[in-house]
Amino acid sequence: MTRPGRATPAESIVAWLRAANAPVSGEELARRLGCTRAAVWKHVVALRAQGYDIAASRTDGYTLAAAPDRLGPAELAPHLTGGWRDVRWFAETDSTQRVARELARDGAAEGTIVVAEAQTAGRGRLGRTWHSPAGRNLYCSIVLRPQVVPADVPQVALVLGLAVADALATIPGLAPRIKWPNDVLLDGRKVAGILTEMDAEVERVHHVIAGIGVNLNATRSAFPPELRAKATSVRLATGRPVDRAELTGRLLASVEARYGRFVGGGFARLAAEWESYSCLTGTEVRVVSPAGEVAGRVLGLDPAGALRLRLPDGALHRIVAGEVTVRDGYRG
Ligand code: BTN
């Protein structure tokens, strides 16, 4: 068996013990790693210090009894099913967006994923902050290199929102909705947000950094008081904790699949699926955008992903960017 790509010796040991689901001898691990049994033991000691419960028996070898609740490469590896496998993990960083952007500028491949357990300066849309407490949620940024014109990049954000909603919809009891452009809601409260940032010339996109924040196991008290009425988590919505690594794997597969469809055929291929999650179609909204403020009834999306509004005077209006507030009582 070969070592998983880019994995450290310690990550490989975890992956092998997990896959074996039975004791693996120190001699066998040493053979696979090309090191001594003493070196294997040192890795095991280091892994235990990181929270891995690894039992050691002189006769049988090593057994993985429990892994820490973390979203590192070793924890995610068993749940990654797509082609995106390069995961850069941080116990804490300022913002995964910043890290991913630097990696992209240094030539990181499409699909490179940056994950952090905590962010000290998590960023949201429109200059807001993204509350990012440690070890409970998902904070990740993905390097994308879509061959589209800059004007079409907002569609990437729609695709990501759809992918997140679809991954959450696989959890029994959850009925996620999307509030245009890409807030994902559960029971009318925000559970996930998407931030897309790009490096581009007028006609060419160098890269897009797709930031995804999902509240997974946050309890009510983990939110600051001003967010408690507006935000929720998967745990709050279902009443039970979620396996973060497993859900992250499912979410990344959903993102990769939908992004692939977008790159291959444009947003029009995903518009109907997106509409099926929309909580705005048919509602009266007010939209604040750089172009000013308008109110009207949402008719849906156009093939390019813009929001179509019917204004009170009957005119049709197209919104490409802005902040939407629902006027008939839906909490958004
Ligand atoms: C929003 O305002 O709805 C967008 C929130 C996006 C948050 C994510 S968390 C991972 C990535 N890193 C950041 O600093 N922000 C995004």
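The values are calculated or read from the model by the stated rules, or taken from the named source; none is laboratory data. These numbers were taken from a predicted model, which means no experiment stands behind them. All Cβ positions, even for glycine, are placed from backbone atoms using ideal geometry, and neighbour counts span all protein chains on display. The protein model used for the area step is the full one, side chains on, heavy atoms only, and it has no ligands, DNA or RNA in it. Shrake-Rupley method; radii C 1.70, N 1.55, O 1.52, S 1.80 Å.
A single member of ARG240, ARG269, ARG286 is over 30 Å from LEU311 (Cα atoms) and of a type in the set (D, E, K, R), and it is ARG240.
Any idea which residue in the range 122-165 is nearest to the ligand (Cβ to nearest atom), counting only those that are open to solvent by 50 Å² or more (accessible area, probe 1.4 Å) and touching a Phe, Trp or Tyr at 6+ places or on another chain (Cβ under 9 Å)? Write out each step before concluding.
Of the residues in the range 122-165, the ones open to solvent by 50 Å² or more (accessible area, probe 1.4 Å) are 123, 125-129, 131, 134, 136, 145, 147, 149, 151-152, 154.
From what's left, touching a Phe, Trp or Tyr at 6+ places or on another chain (Cβ under 9 Å): 123, 131, 152.
Numbers: ARG123: 4, HIS131: 9, ASP152: 20 Å.
Looking at residues that are open to solvent by 50 Å² or more (accessible area, probe 1.4 Å) and touching a Phe, Trp or Tyr at 6+ places or on another chain (Cβ under 9 Å), I get ARG123.
If you go through the range 28-84 and keep only what is without any contact (Cβ under 8 Å) to a residue 40 or more places away in the chain, open to solvent by less than 40 Å² (accessible area, probe 1.4 Å) and in a helix (DSSP H, G or I), you end up with LEU29, ALA30, LEU33, ALA39, VAL40, VAL44, LEU47. Against the definition (of a type in the set (Phe, Trp, Tyr) and under 28 Å from the mean Cα position of the chain (by Cα)), how does TYR52 come out, yes or no? Considered against the rule, which asks whether it is of a type in the set (Phe, Trp, Tyr) and under 28 Å from the mean Cα position of the chain (by Cα), TYR52 comes out as yes. Where strands (runs of 3 or more DSSP E) sit wholly within the range 167-217, those with at least 3 residues that are away from the ligand (no atom under 11 Å from the Cβ), out of contact with any Ser or Thr (no Cβ under 8 Å at 6 or more places or on another chain) and open to solvent by 10 Å² or more (accessible area, probe 1.4 Å) occupy 189-200. Annotation note: Cβ proximity below 7 Å between a residue of the range 226-254 that is surrounded by 16 or more Cβ atoms within 10 Å (Cβ to Cβ) and a residue that is polar (S, T, N, Q) and assigned to a helix (DSSP H, G or I) (sequence gap 6+ or interchain) occurs for no pair.
Selection of the range 87-110 for residues being farther than 23 Å from GLY135 by Cα and open to solvent by less than 60 Å² (accessible area, probe 1.4 Å) yields LEU103, ALA104, GLY107, ALA108.
Looking at the structure I just gave you, is GLY122 modelled with pLDDT of 95 or more, within 14 Å of the chain's Cα centre (by Cα) and at positive phi? Spell out how you get there, then give the answer.
Numbers: modelled with pLDDT of 95 or more: yes; within 14 Å of the chain's Cα centre (by Cα): yes; at positive phi: no.
Judged against the criteria, GLY122 is not a match.
Within the range 262-274, the set of residues being in contact with a helix residue (DSSP H, G or I) (Cβ under 7 Å, 6 or more places away or on another chain), more than 18 Å from PRO176 (Cβ to Cβ) and touching a residue at least 12 places away in the same chain (Cβ under 8 Å) comprises PHE262, PHE267.
Table: residues versus (1) among the hydrophobic types (A, V, I, L, M, F, W, C); (2) under 30 Å from THR196 (Cβ atoms).
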{"position": "ILE13", "(1), (2)": "yes, no"}
{"position": "ALA20", "(1), (2)": "yes, no"}
{"position": "ASP53", "(1), (2)": "no, no"}
{"position": "ARG58", "(1), (2)": "no, no"}
{"position": "ALA77", "(1), (2)": "yes, yes"}
{"position": "ARG98", "(1), (2)": "no, yes"}
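Residues ARG286, ARG297, ARG250, ARG240: which one is in a helix (DSSP H, G or I) and either among the charged types (D, E, K, R) or in contact with a Cys (Cβ under 8 Å, 6 or more places away or on another chain) (or both)? Before you say what the answer is, go through the steps one by one.
On the way: ARG286 fails: in a helix (DSSP H, G or I); ARG297 fails: in a helix (DSSP H, G or I); ARG240 fails: in a helix (DSSP H, G or I).
That would be ARG250, the only listed residue that is in a helix (DSSP H, G or I) and either among the charged types (D, E, K, R) or in contact with a Cys (Cβ under 8 Å, 6 or more places away or on another chain) (or both).
Can you confirm whether ARG235 is in contact with a helix residue (DSSP H, G or I) (Cβ under 9 Å, 6 or more places away or on another chain) and not in a strand (DSSP E or B)? Please lay out each step first, then the result.
On the way: in contact with a helix residue (DSSP H, G or I) (Cβ under 9 Å, 6 or more places away or on another chain): no; not in a strand (DSSP E or B): yes.
For ARG235, the condition - in contact with a helix residue (DSSP H, G or I) (Cβ under 9 Å, 6 or more places away or on another chain) and not in a strand (DSSP E or B) - is not met.
Against the test of being outside any loop (DSSP other than H, G, I, E, B), farther than 21 Å from ASP302 by Cα and in contact (Cβ under 8 Å) with a residue 24 or more places away in the chain, the options ALA157, ALA104 yield a single qualifying residue, ALA104.
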